[in-house]
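For reference, the structure is listed below as structure tokens.
The values are calculated or read from the model by the stated rules, or taken from the named source; none is laboratory data. This structure is a prediction, so every number in the text was calculated from the model and none was measured. No Cβ is skipped: glycine too gets one built from the backbone with ideal geometry, and neighbour counts run over all protein chains shown. Surface areas here come from the heavy atoms of the whole protein model, side chains and all, with no ligands, DNA or RNA. Shrake-Rupley method; radii C 1.70, N 1.55, O 1.52, S 1.80 Å.
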Amino acid sequence: MSTPKSFERVARDYDALRGGMDRGRQSAGAVAPRLVPGGPTLEVGVGTGAVAAGLVERGHTVYGVDISPSMLRQAGERIGGRLACADARALPCRDEAFANVVCVHVLHLVGDMGAALAEARRVLRAGGRLVAVHGDPFADDDPMVAALERLAPLRPERPDAPGRLAEAAAAVGFRVVEQGPDAAYVQATSPEQLATSLDKRVPPYLWEVTDDDWHGLVVPVIEALRALPEPERPREQVWRSWLTVLST
């Protein structure tokens, strides 16, 4: 078991560098058709509330938990007070309280994915669903994607890869209803925005990078991004992630 990762240190910049409500609405659009009707939804790792707010706009009642107080303050501005500062491995919720649990790009950060899945299973009603967007996002090759690939040695193996998630879910009593690379979002990002995200160490894999790796691997990528033609001009990219639906 490892320590869960909190975005507290980058909360102020998170939305500006990660797509904000536009990306949240797109993620909500992928998640919403997979939810079962007739009950509340809990988003684990609610962050700034962008996905939760997108689901609220679609008529869902959404509660959220996160371990970052600063992220939760921003979420509160979007979905109100249905929030708690809590660990995914110890949810402050009664058994069978929710019809759905949603996890969007969070299962690799919780410290113990199996324990988080067991907690999600506990708070779900019979017939409830966990909908997860997970795994390494991927996009068609372009100069910005190619630059990011140079950082691959710094990215740890993902515990939330599709097969590993399915195996861990089965171990706590879930069955897989659906799994595929079906969570897509379109984002217009400039090389300068991406360089700034790296420079501010927004991606979790950069939080504990050594000085040697920072100067030997990360700084050259930042410089390469800023050297691209028209670095301030946004480039539209389509990113995809894995989407898994689990049922109790």
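Here the spin labels are modelled as points 7 Å beyond Cα on the Cα-Cβ line, and at residue 209 and residue 223 they lie 1.4 nm apart.
Highest GNM mean-square fluctuation among 184, 97, 50, for the chain modelled with Cα contacts below 10 Å: 97.
Going by the alpha-carbon gyration tensor, a ≥ b ≥ c the square roots of its eigenvalues, is the range 125-193 rounded (a/c under 1.5) or, if a/c is not under 1.5, prolate (a/b greater than b/c) versus oblate?
prolate
Close amide H contacts of residue 129 (hydrogens built in the peptide plane, cut-off under 5 Å, sequence separation of 5 or more or a different chain): 36, 100, 101. The charge dipole of the range 1-117, taken about its Cα centre with unit charges on the Cβ of Lys, Arg, Asp and Glu (plus for the first two, minus for the last two), comes to roughly 180 debye. Only helices enter the 222 nm calculation for the chain: every DSSP H run of n ≥ 4 contributes -39,500 (n - 2.57), and dividing by all residues gives -9500 deg cm²/dmol, rounded to 500. For the range 147-248, the list of trypsin sites (Lys or Arg not before Pro) that fall in a loop by DSSP and count at most 13 other C-beta atoms within 10 angstrom reads 150. Loop-located GluC sites (Glu not before Pro) across the range 126-185 with a Cβ neighbour count of 14 or fewer within 10 Å are 157, with loop assigned by DSSP.
Set the Förster radius R0 to 35 Å, insert the Cβ-Cβ distance between residue 238 and residue 84 as r into 1/(1 + (r/R0)^6), and round the FRET efficiency to 0.05. Using R0 = 35 Å, I get an efficiency of 0.55.
Evaluating 6.51 cos²θ - 1.76 cosθ + 1.60 at θ = phi - 60° for every residue in the range 101-110, the Karplus couplings come out as 10, 10, 10, 10, 6, 10, 5, 7, 10, 7 Hz, glycine and proline recorded as x.
In terms of its C-alpha gyration tensor, the range 1-70 has an oblate overall shape, because the principal axis ratio a/c (a ≥ b ≥ c, square roots of the eigenvalues) is not below 1.5 and a/b does not outweigh b/c.
Remark: the chain carries 45 Å² of accessible area per residue (probe radius 1.4 Å; ligands, DNA and RNA excluded). Residues of the range 32-66 falling in the label zone of residue 178, defined by backbone nitrogen less than 14 Å from a point 7 Å along Cα to beta-carbon, are 32-37. Would you mind classifying the range 18-145 by shape? Square roots of the alpha carbon gyration tensor eigenvalues, ordered a ≥ b ≥ c; an a/c under 1.5 is rounded, otherwise it is prolate if a/b is larger than b/c and oblate if not. Rounded. About its Cα centre, the chain has a charge dipole of approximately 960 debye under the convention of +1 per Lys or Arg Cβ and -1 per Asp or Glu Cβ, with nothing else charged. Think of the chain as a dipole: +1 on every Lys or Arg Cβ, -1 on every Asp or Glu Cβ, centred on the Cα centre; then among 74, 90, 106, 90 lies furthest on the positive end.
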